[in-house]
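This report concerns only the one structure given below.
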Amino acid sequence: MHAILMGCDKEMKLRVQGFEKDLTRLRTGRASVSLLDGVRVDYYGTLTPLNQVAALSTPDARTIVVAPFEKKLITAIERGIQMADIGIQPTNDGNVIRLPIPPLNEERRKELAKNVRKCGEEAKVGLRKIRQDANADVKKAEKDKALNEDESKKLLKEVQRVTDEYTKLLDDKVAKKEQEVLSM
């Protein structure tokens, strides 16, 4: 396998894994600490991931509990959660922050399904950008006489095949997650 094709495949695989990680952050009516993965807290002037300044737990299917390692961080954590705009209003009892996960109504389900499709489209744009870069590398190699015309055409077809493969994989993941969100 050619180095350009291997690099393209590796980058696309990473893009799909990034998309999968994005999907875990979508709120689907069940409490999951992965909803808070993108939350950053102002920790002495440095934006720090929430899981580095607090213990996260899910005592039941509808609640996430955030227990700060330092009590004075509780307002900064609360502010960080609100600024992350995850659609959950934190409640602070002075010791811990509770995030009640409300059940999803039909309107919210449709909105989530729309977000899943939007994330999927963004991931596909990323795949197309990777394909574009790989194609440019192939054409440059041909221009520099590192590849002949036949090898170049063959490699361009392979890049497209890999792109189609990962695009279908993304489409399948989007459809599965959409189904999961709409059927809850």
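The values are calculated or read from the model by the stated rules, or taken from the named source; none is laboratory data. Keep in mind that what you see is a predicted model, and the values were worked out from it rather than measured. Cβ atoms come from the backbone with ideal geometry, glycine included; neighbour counts cover every protein chain shown.
Select from region 1-25 the residues that are within 30 Å of residue 101 (Cα to Cα) and among the acidic types (Asp, Glu) and write down the one among them that is farthest from the chain's Cα centre (by Cα).
Filtering first and then ranking leaves 20.
Mind checking whether some residue in region 156-164 is of a type in the set (D, E, K, R), within 15 Å of residue 19 (Cα to Cα), outside the structural domain of residue 71 (by TED's automatic domain parsing) and surrounded by 14 or more Cβ atoms within 10 Å (Cβ to Cβ)?
No, every residue in region 156-164 fails to be of a type in the set (D, E, K, R), within 15 Å of residue 19 (Cα to Cα), outside the structural domain of residue 71 (by TED's automatic domain parsing) and surrounded by 14 or more Cβ atoms within 10 Å (Cβ to Cβ).
Out of all the residues in region 95-110, which are in contact (Cβ under 8 Å) with a residue 60 or more places away in the chain and either in contact with a Phe, Trp or Tyr (Cβ under 7 Å, 6 or more places away or on another chain) or surrounded by 15 or more Cβ atoms within 10 Å (Cβ to Cβ) (or both)?
Selection gives 99, 101, 104, 109.
Residue check, residue 115 against (1) surrounded by fewer than 12 Cβ atoms within 10 Å (Cβ to Cβ); (2) in contact (Cβ under 8 Å) with a residue 40 or more places away in the chain; (3) polar (S, T, N, Q), all met but one. Which one?
(1)
How about region 77-94: which of its residues are touching a residue at least 40 places away in the same chain (Cβ under 8 Å) and on the phi > 0 side of the Ramachandran plot?
Scanning region 77-94 gives a single hit, 87.
Take the residues of region 43-65 that are hydroxyl-bearing (Ser, Thr, Tyr) and under 28 Å from residue 115 (Cβ atoms): which is surrounded by the most Cβ atoms within 10 Å (Cβ to Cβ)?
48
Being outside the structural domain of residue 49 (by TED's automatic domain parsing), hydrophobic (A, V, I, L, M, F, W, C), farther than 22 Å from residue 13 by Cβ and surrounded by fewer than 18 Cβ atoms within 10 Å (Cβ to Cβ) is the requirement here; does residue 146 meet it?
In short, yes.
Being surrounded by fewer than 18 Cβ atoms within 10 Å (Cβ to Cβ), of a type outside the set (Gly, Ala, Ser) and under 25 Å from the mean Cα position of the chain (by Cα) is the filter here; which residues of region 66-87 pass it?
Once the filter is applied, which keeps residues that are surrounded by fewer than 18 Cβ atoms within 10 Å (Cβ to Cβ), of a type outside the set (Gly, Ala, Ser) and under 25 Å from the mean Cα position of the chain (by Cα), region 66-87 yields 79, 82, 83, 85.
Condition check: more than 19 Å from residue 17 (Cα to Cα), touching a residue at least 12 places away in the same chain (Cβ under 8 Å) and assigned to a helix (DSSP H, G or I). Does residue 178 satisfy that?
No; evaluated as a whole, the condition is false for this residue.
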